[in-house]
Amino acid sequence: MASYTKAAQQWATFARAWYLLDAKMQPPGKIAAATVIRLEGRHKPIYHALSDCGDHVVIINTRHIAFSGNKWEQKVYSSHTGYPGGFTQVTATQLHLKDPTAIVKLTIYRMLPKNLQRRTMMQRLHLFPEDVIPEDIQKNLLQEIPQPRVVPKRLDEYTPEEIAAFPKVWTP
């Protein structure tokens, strides 16, 4: 009977969990930092750099990410085909309009360790531009990763009582 519980305990230790992260109004670097920990398995007590013990991460609302400052126009993503004259540069706005998940995917890919496990870890990353998740993935979700940055409230989300209680700096 004791071996039965040990097997169940070992299975629970090595089982892959599914995490959900909402990327709405979050900077891509903060999203990647929270995601990479789960993909590598660094949050587990059994973590070792050579073992493949990471979990699945589902990121929704990648279309609604936020850059600080003027990064939408100033941040440039470069690539090269390997052929002469094959160097291309694209701004963050152009890349985001072409593929809403590309910026988050590139940020996470570049933050993962540069070894043979990187492609395997990227296979456990599931990106969705909106909050619509397929049913087969949705049934696997176990836990939600808290958003790295507090999302500010829009002005139309405040109640009239909160607006009336807000201190007045200037009165006409």
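The values are calculated or read from the model by the stated rules, or taken from the named source; none is laboratory data. Since this is a predicted model, take the numbers as computed values, not measurements. Surface accessibility is based on the protein's heavy atoms, side chains included, excluding ligands, DNA and RNA. Shrake-Rupley method; radii C 1.70, N 1.55, O 1.52, S 1.80 Å.
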Next item on the list: Would you mind telling me the share, in percent, of accessible area of the stretch 1-56 contributed by carbon and sulfur at probe 1.4 angstrom?
Entry: 63
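For a 31 Å ceiling on Cα separation, which of these pairs sit above it: Lys6/Lys114; Lys6/Lys30; Lys24/Lys44; Lys24/Lys139? Provide the component values of the computation, followed by the final result.
Values: Lys6/Lys114 35 Å; Lys6/Lys30 37 Å; Lys24/Lys44 27 Å; Lys24/Lys139 22 Å.
Exceeds cut-off: Lys6/Lys114; Lys6/Lys30.
From the protein chains alone at 1.4 Å, what is the descending order of accessible area for Thr120, Thr107, Thr35, largest first? If you can, show how the numbers build up before the last one.
Details: Thr120 55, Thr107 30, Thr35 0 Å².
Sorted by accessible area, descending: Thr120, Thr107, Thr35.
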Check: Roughly how many Å² is the accessible area per residue of the stretch 15-172, as a whole number, for a 1.4 Å probe?
Finding: 65
Check: How do Met121, Met25 stack up against each other in accessible area, from largest to smallest, with a 1.4 angstrom probe?
Finding: Met25, Met121
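Determine the shape class of the chain: with a ≥ b ≥ c the square roots of the Cα gyration tensor eigenvalues, call it rounded for a/c under 1.5, and otherwise prolate if a/b is greater than b/c, oblate otherwise.
Numbers: a/c = 2.55, a/b = 1.25, b/c = 2.03.
Oblate.
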Notebook entry, point to check: Relative contact order (percent) for the chain, with alpha-carbon contacts under 8 angstrom and 6 or more residues of separation?
Noted result: 31
Next item on the list: Starting from the Cα-Cα distance between Gln94 and Thr81, subtract it from 0.36 nm times their residue separation and give me the gain in nm to one decimal.
Entry: 2.8 nm
